[in-house]
Each structure stands twice: as structure tokens, then as C-alpha cells.
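To start, the structure under review is shown below, and the notes come after it.
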Amino acid sequence: MEIEPKVWVFFYGTFINADVVAKANAQLRDAETARLPGFDIRVGPLANLVRSDQHTAYGIIARMTHAELGRLYAMGWVGTYLPEAVLVETVKDGRLVPAMTYIKPEMEDQPPAEDYVDRIVNPGKQFGFPAWYLDRIDRFRPSRRGRD
């Protein structure tokens, strides 16, 4: 029996949520909180990363098989995200980990659904994302847009 290799992946949107990942018959292995300097997060209608020399994106790293990644990014609501190699820093011990992340080349400017934001903020709390970062994500809610 051949064991399928697993790669480190940096997730920053709803794929930090194990329930969302399970819908693609996939699992987050060895997940831990990490940050990616040089990128900022945008949420609308889905999460995406944009390059920024003034920001750091928080998320998790986890080990996944290529087949699992294929199923995740083939889900109809996801759209086209392209893989990119990045170097993330774990929050717990500052270890540098080469990982893949997925970035949408073009994003529509539409507000996300309220429950979409919840599927990032709630696991973000469990993973110990900084309060200021969770508030930043929360500001993408349609109910908060333009009020801050």
C-alpha cells in the first residue's frame, strides 16, 4: 500500500475551518497557527491574499495530500485559486516553514455573506489569532462595511 505524500499548506480563509474542509473529504493534519508577512487579507465575497509590504496575514499551516487539495479547490463555490509557494512563520515557536498557499488572481468586489465571515473568525479565535486581526476580518461583514 502506497502512502500518498502530504505537503504543508497555508490556509487563511474558510479552509481554516475543519467542518468546511471535511465537506471535500479532506482533513487538516498537524494544524498550527502561522503568519505570512508581505500579504494582506481581503474578504469579499471570498477570502483572498494581496501583496503588501505593510501587512501580515494570519492563518494556519496543515499537511494535506494533493488529492485533498484538488477536491478542496474543485468545490463549485470556490472558483479559481492558483498555488503559490510561500515561507510562513509559526506563531508558537517562530519556525519558518515552506508551504503552498492559494491565491485568486482576480476577485470581484462584493461583500461576503455574514456566515462566511463567521467561518473564518470562529476558528481564528480557536487558533489564537490576534484580536486586532480578527477584528480586521470582522470589518468585512456587510453589517459593518462603511461603519468603521
Report summary line: So for R0 = 30 Å, FRET eff. of K6-T80 from the Cβ-Cβ r, to 0.05, ends up at 0.80
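If we sort 37-46, 128-137, 76-85 on the protection proxy, mean other Cβ atoms within 10 Å, highest first, what's the order?
So the order, starting with the most tightly packed, is 37-46, 128-137, 76-85.
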Query raised in the report: Roughly how many percent of the accessible protein surface of the chain is carbon and sulfur, given a 1.4 Å probe and a whole-percent answer?
Result: 51 percent
Query raised in the report: Points 7 angstrom from Cα along the Cβ direction at A67 and A18: gap in nanometres?
Result: 2.2 nm
Query - Relative contact order (%) - the range 1-111, alpha-carbon pairs under 8 angstrom, separation at least six - result: 33 percent
Query raised in the report: At what distance in angstrom do the alpha carbon centres of the range 59-88 and the range 1-36 lie from each other?
Result: 8 Å
**Report entry** Residues L87 and V50, FRET efficiency given R0 of 22 Å [Cβ-Cβ distance, rounded to 0.05]
**Finding:** 0.80
Query raised in the report: How far, in nm, would the chain grow between E32 and D115 when pulled straight, counting 0.36 nm per residue and subtracting the alpha carbon separation?
Result: 27.6 nm
Query raised in the report: Okay, helix-only estimate at 222 nm for the chain: each DSSP H run of n ≥ 4 adds -39500 (n - 2.57), divide by all residues, round to 500 deg cm²/dmol; what do you get?
Result: -6500 deg cm²/dmol
Query raised in the report: Counting only heavy atoms of protein chains, what accessible area per residue, in Å², does the chain have with a probe of 1.4 Å?
Result: 53 Å²
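The values are calculated or read from the model by the stated rules, or taken from the named source; none is laboratory data. Keep in mind it's a predicted model, so treat the numbers as computed, not measured. Backbone-built Cβ (ideal geometry, glycine too); neighbour counts: all protein chains shown. Remember, those area values only see protein heavy atoms, side chains included, never the ligands or the DNA or RNA. Shrake-Rupley method; radii C 1.70, N 1.55, O 1.52, S 1.80 Å.
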